[in-house]
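Notes to accompany the following structure.
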Amino acid sequence: MAEARVKRRFVAGAKCPKCKAMDSIVLFKINGVETVECIDCDYSEQQTDEKVAKKATGDVIGVFKP
């Protein structure tokens, strides 16, 4: 069975928290889990829609939904 392609988007101006590389962070979503990864090192962070909603406070204009 063929694996579905995942649409990955670069986050402009984002700096990797691990290696500090600029413009190396990609964002993608698989099965409702939002993931950010660095293309230069092995940094990866995941959060589900519930975690995104909890982090949204009055300081956030909106949550990006590709």
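The values are calculated or read from the model by the stated rules, or taken from the named source; none is laboratory data. This is a predicted model, so every value here is computed, not measured. When the accessible area is computed, the model is the full protein with side chains, heavy atoms only, and any ligands, DNA or RNA have been set aside. Shrake-Rupley method; radii C 1.70, N 1.55, O 1.52, S 1.80 Å.
Some values worked out for this structure:
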{"quantity": "Phi to ³J(HN,Hα) by Karplus 6.51 cos²θ - 1.76 cosθ + 1.60 over segment 25-33, Hz, x for Gly, Pro", "calculated": "8, 10, 10, 8, 9, 10, 6, x, 10"}
{"quantity": "For segment 8-47: accessible area per residue (Å², 1.4 Å)", "calculated": "64 Å²"}
{"quantity": "Amide H contacts under 5 Å for residue 18, placed H, 5+ residues apart", "calculated": "none"}
{"quantity": "Cα-based Rg and Dmax for segment 8-47, where Dmax is the largest Cα-Cα distance (Å)", "calculated": "9.6, 28"}
